[in-house]
1. Does ASP65 satisfy the criteria of being acidic (Asp, Glu) and closer than 17 Å to ASN128 by Cβ?
2. Would you mind stating whether GLY72 is surrounded by 18 or more Cβ atoms within 10 Å (Cβ to Cβ) and of a type in the set (Gly, Ala, Ser)?
3. Does ASN48 satisfy the criteria of being of a type outside the set (Asp, Glu), within 16 Å of PHE81 (Cβ to Cβ) and open to solvent by 60 Å² or more (accessible area, probe 1.4 Å)?
4. With in contact (Cβ under 8 Å) with a residue 60 or more places away in the chain and either over 16 Å from the mean Cα position of the chain (by Cα) or closer than 16 Å to THR168 by Cα (or both) as the only criterion, which of VAL1, VAL14 stands out?
5. With the requirement that a residue be part of a strand (DSSP E or B), in contact (Cβ under 8 Å) with a residue 24 or more places away in the chain and of a type in the set (Ser, Thr, Tyr), what does the range 27-61 give you?
6. Loosely packed, with under 11 Cβ neighbours inside 10 Å and at negative phi, is that true of GLU158?
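The values are calculated or read from the model by the stated rules, or taken from the named source; none is laboratory data. Values in this document were obtained by computation on a predicted structure and should not be read as measured data. Reconstructed Cβ throughout: ideal geometry from the backbone, glycine too, with neighbour counts over all protein chains shown. Heavy atoms of the whole protein, side chains included, go into the accessibility calculation; ligands, DNA and RNA do not. Shrake-Rupley method; radii C 1.70, N 1.55, O 1.52, S 1.80 Å.
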Amino acid sequence: VDFDKLKKVNQDVVGWIQFDEPKKINYPVVRGDDNDKYLTTTFEGKKNSSGTLFMDVNNSGEFADKNTFIYGHNMKNGTMFTDLVNYKDKAYWEEHQIINFDTMAEFSEYQVMYAFAFDTDNETFCYNDYTDMTEEKFAEFMAECEKRMAYDTGIRAEYGDEILTLST
């Protein structure tokens with residue numbers, strides 16, 4: 001990824017996310033001053049309901065947190081994070097387990113560990129409060145995710161692992 005070129009378009013760029021398959025998820029990721037701007041602003045800075053993929057403002061831009069949150073819309077036209085809803089089926093997960101995330105500092109591969117539906121209006125678990133966690137908070141976060149998982153992947157994280165949480 002040519003981050004110098006991307007920075008000329010948008011100074012808020014912090015990374016690039018790509019799934020091996022499906023190739024539809026292949027986008028820059030930004031981090032703004034709040035969690036509202038990029039809901040309706042494209043990477044190029046234009047107003048659009050598609051917005052762009054963005055990192056939670058509570059995450060450090062340097063990826064020093066134990067858990068980094070990336071948000072994107074579930075678009076009817078199949079773009080952005082629409083394919084995340086397919087993870088409700090284990091057969092889909094079996095074919096699409098790896099997420100690539102490139103930053104200016106490093107390239108990382110993440111393995112999908114949990115998939116679950118979440119109703120933000122009716123949940124007491126505030127998953128996006130778990131960024132820079134103590135060991136106790138990490139265990140709490142993992143337990144809450146495990147309670148909600150659609151199926152067991154057999155994959156578990158240990159304290160100290162980097163976690164990437166995608167939300168749509």
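1. Details: acidic (Asp, Glu): yes; closer than 17 Å to ASN128 by Cβ: yes.
When the stated conditions are applied, ASP65 passes them.
2. Numbers: surrounded by 18 or more Cβ atoms within 10 Å (Cβ to Cβ): yes; of a type in the set (Gly, Ala, Ser): yes.
Answer is yes for this residue.
3. Numbers: of a type outside the set (Asp, Glu): yes; within 16 Å of PHE81 (Cβ to Cβ): yes; open to solvent by 60 Å² or more (accessible area, probe 1.4 Å): yes.
Spelling it out, ASN48 is indeed of a type outside the set (Asp, Glu), within 16 Å of PHE81 (Cβ to Cβ) and open to solvent by 60 Å² or more (accessible area, probe 1.4 Å).
4. On the way: VAL14 fails: either over 16 Å from the mean Cα position of the chain (by Cα) or closer than 16 Å to THR168 by Cα (or both).
Matching residue, one of VAL1, VAL14: VAL1.
5. Just the residues of the range 27-61 that are part of a strand (DSSP E or B), to begin with: 27-30, 41, 47, 53-55.
In the following step, the residues that additionally are in contact (Cβ under 8 Å) with a residue 24 or more places away in the chain were identified as 27-30, 53-55.
Within the range 27-61, just TYR27 meets the criteria.
6. Values: loosely packed, with under 11 Cβ neighbours inside 10 Å: yes; at negative phi: yes.
Considered against the rule, which asks whether it is loosely packed, with under 11 Cβ neighbours inside 10 Å and at negative phi, GLU158 comes out as yes.
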